[in-house]
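Below is one structure; the comments refer to it alone.
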């Protein structure tokens with residue numbers, strides 16, 4: 001049977017976080033627009049149509065590798081990857097992978113969010 005629909009886009013993902021305040025600060029530091037919903041969660045707006053929900057659970061213990069393989073965020077507006085590296089380091093976050101050529105004219109590096117999730121930041125060269 002042929003599928004009667006196609007996938008249009010990623011609407012949202014949900015991450016459990018131990019400390020909502022720390023996670024909101026991390027994703028704001030990366031330039032994310034965060035809408036907080038006191039007592040519930042926070043929503044990170046990723047462009048015009050995608051979102052990431054940060055769902056607090058103080059008892060949550062993330063696996064050693066975080067709770068997803070990695071999240072890739074495309075960066076716009078920076079003149080080069082060094083500008084992005086300088087910004088994250090100035091905010092106390094040390095990249096652990098890269099920067100390196102990602103192919104297709106992109107350069108990227110990875111950092112970990114407060115719950116250990118891999119966040120890949122990618123910029124068009």
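Every number in this text was worked out from the coordinates using simple rules, so none of it is lab data. Bear in mind that the values here come from a model prediction, so they are computed numbers and not experimental data. Here the Cβ positions follow ideal geometry from the backbone for every residue, glycine too, while neighbour counts run over all protein chains shown.
Quick one, which of (1) 7.7; (2) 10.0; (3) 7.0 is the actual mean projected area of the Cα convex hull in nm² calculated for this model?
(2)
Determine, from the Cβ-Cβ distance of residue 125 and residue 13 and an R0 of 22 Å, the FRET efficiency 1/(1 + (r/R0)^6), rounded to the nearest 0.05.
0.25
Would you calculate the volume per residue, in Å³, of the smallest convex hull containing every Cα atom of the stretch 72-125?
Taking only Cα atoms, the stretch 72-125 has a hull volume of 71 Å³ per residue.
Kindly identify the stretch 6-71 as rounded, prolate or oblate by the Cα gyration tensor criterion: order the square roots of the eigenvalues as a ≥ b ≥ c, call it rounded if a/c is under 1.5, otherwise compare a/b with b/c, prolate if a/b is larger, else oblate.
It comes out oblate by the Cα gyration axes.
With the crude spin-label approximation of a point 7 Å out along Cα→Cβ, what separation in nm comes out for residue 106 versus residue 49?
A separation of 1.7 nm, rounded to one decimal place.
Tell me what the chain gives for mean residue ellipticity at 222 nm when only DSSP H runs of n ≥ 4 count, each as -39,500 (n - 2.57), the sum divided by the residue total, rounded to 500 deg cm²/dmol.
On the way: 2 runs with 20 residues, N = 125.
Mean residue ellipticity at 222 nm (helix-derived): -4500 deg cm²/dmol.
Between residue 82 and residue 22, 0.36 nm times their residue separation minus their Cα-Cα distance comes to what?
19.2 nm
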